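Accompanying notes for the structure given below.
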Amino acid sequence: MASAAQRVQVLAESGVSHVPPSYVQPPEHRPLAGCRPTFSGVPLVDLRCSGDDVRWAIGEACRNWGVFQVIGHGVPSELLVSMRQVGAAFFSLPTEERNKFACDPKVPASEGYGSRMLASENDGVLDWRDYFDHHTLPESRRKPDRWPTYPPNYRKVVVEYSDQMKLLAQRLLHLMSESLGLPSSYIEDAVGEAYQNITISYYPPCPQPDLVLGLQAHSDMGAVTLLIQDDVGGLEALKGEEWINVQPTSDAIVVILGDQTEVMTNGVYKSAVHRAIVNSRQARLSVATFYDPSKQKRISAAPMLVSESSPIRYRDVLYGDYVSAWYGKGPDGKRNIDALRINQ
Ligand code: OGA
Ligand code: NI
């Protein structure tokens with residue numbers, strides 16, 4: 001029988017003073033490689049501002065960063081707190097309890113408790129992270145009876161959170177479409193019936209944080225990701241050559257554009273390359289909600305954004321094929337979307 005999957009949390013709690021070689025990043029991928037002090041953060045957009053101001057700010061953020069934070073989003077602060085609390089409670093359960101929810105390591109993206117994203121054993125350097133992935137939308141995929149029952153409000157909170165994140169994702173996609181002069185529902189319609197997954201990531205403290213990554217550099221594959229984090233910090237976004245810290249901000253939700261939004265906007269809006277670093281003092285928790293097209297949806301550039309002066313940049317792609325290609329090779333620190341680039 002295959003040995004049980006190695007949980008990073010179990011490794012961290014065993015008190016190792018050195019990380020095993022399988023987690024050690026090559027020097028050029030380590031957190032401090034090429035590090036320069038920086039004081040700027042990613043853009044912060046208050047959704048309570050006037051419509052024109054919000055559309056302008058979102059347009060600038062999507063064009064120049066592909067990642068920004070929103071406040072004034074209307075999602076109750078108590079729900080954000082509860083979502084982080086139920087996540088933290090799961091990771092505080094004894095290992096045997098957590099393992100009852102282990103995902104199927106042979107099936108890519110299967111629901112449940114896991115550590116490595118790819119099915120293959122040879123997927124390169126391991127991330128210093130465990131996670132719990134929930135399939136939440138369409139509702140036919142939502143099976144709360146497979147989710148933890150501790151704390152008692154776990155399932156109720158995840159369902160409520162899923163519904164709120166759907167509404168916020170739709171609102172943001174409307175604003176993004178409008179900010180490009182497209183009909184309000186353009187991107188939402190192009191996504192079709194959205195697939196939503198909610199992933200709680202748990203990054204244990206690490207004895208040698210400078211040698212590892214919590215989550216290696218990648219861009220998210222779908223349309224848009226909404227992320228909340230605790231106050232520990234560790235999410236970084238690549239801007240030019242520099243890794244910029246995404247500052248934990250009370251009640252803020254981080255918005256990360258995915259590759260399909262870049263394809264649809266013909267590269268006017270960028271998907272953001274991002275990663276998570278870890279530290280030796282404190283565990284960190286984040287909750288990422290992915291809002292993605294269905295696998296059968298073909299994604300292509302909006303005709304309005306293609307012209308003689310802005311020729312088409314990416315081949316159109318069946319979203320399911322895009323995802324399978326990724327699970328075949330992994331993030332590899334590169335942008336997946338480069339595989340679709342049309343040479344000009
Ligand atoms: C992700 C991700 C970052 C974080 O799950 O895709 O980028 O801070 N997470 O956990
Ligand atoms: Ni991501």
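The values are calculated or read from the model by the stated rules, or taken from the named source; none is laboratory data. Quantities reported herein were computed from a predicted structural model and do not represent experimental measurements. Please note: Cβ atoms are built from the backbone with ideal geometry, for glycine as well, and neighbour counts cover all protein chains shown.
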### Summary
Exactly one of Ser115, Ser110, Ser184, Ser140 is hydroxyl-bearing (Ser, Thr, Tyr) and surrounded by 20 or more Cβ atoms within 10 Å (Cβ to Cβ), and that one is Ser115
### Residue list for the range 227-263, filter: away from ligand 2 (no atom under 16 Å from the Cβ), closer than 20 Å to Val278 by Cβ and not in a loop (DSSP other than H, G, I, E, B)
Glu242
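Condition check ((1) farther than 23 Å from His135 by Cβ; (2) near ligand 1 (Cβ under 9 Å from one of its atoms)) across all residues:
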| residue | (1), (2) |
| --- | --- |
| Asp231 | yes, no |
| Ser250 | yes, no |
| Thr261 | no, no |
| Ala283 | yes, no |
| Phe290 | no, yes |
| Arg298 | no, no |
### Summary
Result of the Cβ filter at 9 Å on the range 270-288, keeping first residues that are in contact (Cβ under 8 Å) with a residue 24 or more places away in the chain and of a type in the set (Lys, Arg) and partners that are more than 11 Å from ligand 1 (Cβ to nearest atom) and assigned to a strand (DSSP E or B), at least 6 apart or interchain, is Lys270/Leu257; Arg275/Leu238; Arg275/Trp243
### Message
Please verify whether Arg116 is within 21 Å of the chain's Cα centre (by Cα) and at pLDDT below 95, treating the condition exactly as stated.
### Response
yes
### Summary
Restricting the range 276-309 to residues that are under 22 Å from the mean Cα position of the chain (by Cα) and more than 25 Å from Tyr322 (Cα to Cα), the one nearest to ligand 2 (Cβ to nearest atom) turns out to be Ser286
### Task
Give the residue, chosen from Val278, Val306, that is over 19 Å from Asn343 (Cα atoms) and aliphatic (A, V, I, L, M).
Val278
### Summary
Pairs returned, first residue in the range 135-161 that is closer than 16 Å to Glu97 by Cβ, second residue that is part of a strand (DSSP E or B), beta-carbon separation under 8 angstrom, 6 or more apart or interchain, are Arg146/Gly112; Trp147/His134; Pro148/Phe132
### Message
Can you tell me which condition Lys334 does not meet? The list is (1) away from ligand 2 (no atom under 16 Å from the Cβ); (2) basic (Lys, Arg); (3) at pLDDT below 95, and all the others hold.
### Response
(1)
### Message
Which pairs turn up if I take residues in the range 190-219 that are of a type in the set (D, E, K, R) and look for partners that are in a strand (DSSP E or B) with beta carbon separation below 9 Å, at least 6 apart in sequence or on another chain?
### Response
Glu193/Leu137
### Counted residues, the range 44-80 - those being among the aliphatic types (A, V, I, L, M) and either closer than 17 Å to Asp163 by Cβ or in contact with a helix residue (DSSP H, G or I) (Cβ under 7 Å, 6 or more places away or on another chain) (or both)
7
### Message
Give me the residue from the range 250-291 that is touching a Ser or Thr at 6+ places or on another chain (Cβ under 9 Å) and of a type in the set (D, E, K, R) and, out of that set, surrounded by the fewest Cβ atoms within 10 Å (Cβ to Cβ).
### Response
Asp251
## Note on the structure
So, first residue without any contact (Cβ under 8 Å) to a residue 24 or more places away in the chain and among the polar types (S, T, N, Q) in the range 251-264, second residue part of a strand (DSSP E or B) and crowded, with 24+ Cβ neighbours inside 10 Å, Cβ within less than 6 Å, six or more apart or across chains; the pairs are none
### Message
Filter the range 196-226 down to the residues that are surrounded by 24 or more Cβ atoms within 10 Å (Cβ to Cβ), under 11 Å from the mean Cα position of the chain (by Cα) and not in a loop (DSSP other than H, G, I, E, B) and list them by number.
### Response
Ser201, Val224, Thr225, Leu226
### Task
Looking only at the range 2-17, count how many residues are surrounded by fewer than 11 Cβ atoms within 10 Å (Cβ to Cβ) and either on the phi > 0 side of the Ramachandran plot or at pLDDT 95 or above (or both).
1
